[in-house]
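Bear in mind these aren't lab numbers, they're just calculated from the coordinates by the rules spelled out. What you see is a predicted model, and the numbers here were worked out from it, not measured in a lab. For neighbour counting, all protein chains shown are included, and Cβ atoms are generated from backbone atoms with ideal geometry for every residue, glycine included.
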Amino acid sequence: MWKSCEEILLPLIPQCLSASYALLGTHPFSRLDVLIVPSNFSSLGMASPHIIFLSQSTLSGGSHLCGTRLCHEIAHSWFGLAIGARDWTEEWLSEGFATHLEDAFWSAAQQLLADEARERQDLKALLRWQRLRDEVQNSEEDLQVLRPNKENTGKVTESGASVVKHGLNAEKTFMQVHYLKGYFLLRFLAGKAGEAEYFAFLRKFVWRFHGQLILSQVLVPISYFLSSDQLVLLLECLLEKKTLCSKTLECLQKTYHLREQDAEVRHRWCELVIKHKYVAGYVDVEKFLKEDQVSIYLLKFSTYPQHFRMRFLHLFHYYIPEPRAFLSLSRFFSSLKQFLQFVLSSNYCHGILTSLH
């Protein structure tokens, strides 16, 4: 065994550690030992502060298994040890990150060219997808959820106790669904943001939350990784739905920060607000009418001469007594376009334009 350690493991340790430092920064602990345990150890590897346990089984058959396992456990120094999950059911915060970082560390340790690294990571992703598919098809649905406690995630009783859901379920011990779902989520986000920007974010993240227990809510909002066109497409697909409840719309706005997006996204958001009579969103429609693209709609759908339309826009912005009065009418219309067409054809607006003439 000593010969295997000398030939395989010892050269890998500085390579893998250097790769991790290059991607995430300084190692969070002052010392790190590696202990080889018998092949009948409960897993191929395990990480604790200052020590990594590696199974003797990782030393056979070349450096690949040993290197990838070592990288996985090194990643736990940041995700799992220096930063932990406040709720034990959110194990994906530890295992998902370690699984995703494992590939990045190992590619950097081998000094692979970008194309070769991408090819190998794509192959690894395919193997993991097949494993995830098998687990999903052959396990209880309740065991496949990343946040099984849902809105109660992170909550404790008055005595300070918390409950680990499925903690006594023997089947849970052998599942990797949290490793794999977490990995694919992070792979998706890295692909959207770009590798450089993704790791720049991670370096800031591990510095900001070092020594803390966190919930998944502290992660960067998913809208950070989505383009405006993707959000527009999502909202237009939702506009085809016959009904959406207020709770869904509230969650949609909070998740994607729709009020902070560009005018194209906010336009579709206002369409949803009016279509589904979401009262809490009327203030967003009011703001859109007063500040954004209302002039485009008015100029497009009015049949009055150009100079009258431009003067009407001035009146619309400054002299309409109360935009909320117009919003109260919006509940009778299915779209913002239809609503504005009504406004233009109303006697109130016709009277203003007649007086201008």
Completion exercise
Here the gain from full extension of ALA280 to HIS210, 0.36 nm per residue of separation minus their alpha-carbon distance, amounts to 21.5 nm
Practice task
Would you please give the FRET efficiency between ARG131 and GLN111, computed as 1/(1 + (r/R0)^6) with r the Cβ-Cβ distance and R0 = 41 Å, to the nearest 0.05?
Solution key: 0.90
Completion exercise
All alpha-carbon distances of region 10-106, grouped into 5 Å bins from 0, give the whole-percent distribution 3, 14, 24, 28, 19, 10, 2, 0
Problem - Residues TYR183, TYR21, sorted so that the one with the fewest Cβ neighbours within 10 Å comes first - result: TYR21, TYR183
Practice task
Tabulate in residue order the Karplus-calculated ³J(HN,Hα) for region 277-283, using 6.51 cos²θ - 1.76 cosθ + 1.60 with θ = phi - 60°, rounded to whole Hz; enter x for Gly and Pro.
Solution key: 6, 8, 4, 5, x, 4, 5
Exercise for the section: Take each of the peptides 193-205, 119-131, average the number of other beta-carbon atoms within 10 Å over its residues, and list them starting from the highest. Expected result: 193-205, 119-131
Completion exercise
Neighbours of CYS245 by Cβ distance under 14 Å: Lys/Arg at +1, Asp/Glu at -1, summed charge +4
Exercise for the section: Starting from the Cα of GLU141, step 7 Å along the direction of its Cβ; do the same at CYS237; then give the gap between the two resulting points in nm. Expected result: 2.0 nm
Fill in the blank from the handout: Expected unfolding gain across SER48-ILE13 under the 0.36 nm per residue rule, minus the alpha-carbon gap, is 11.0 nm
Problem - aspartates and glutamates with Cα under 16 Å of LYS275, excluding same-chain neighbours fewer than 8 positions away - result: GLU236, GLU240, GLU250, ASP284, GLU286
Practice task
Grab the Cα-Cα distance for LEU123 and PHE41, subtract it from 0.36 nm times how many residues apart they are, and report the gain in nm with one decimal.
Solution key: 26.7 nm
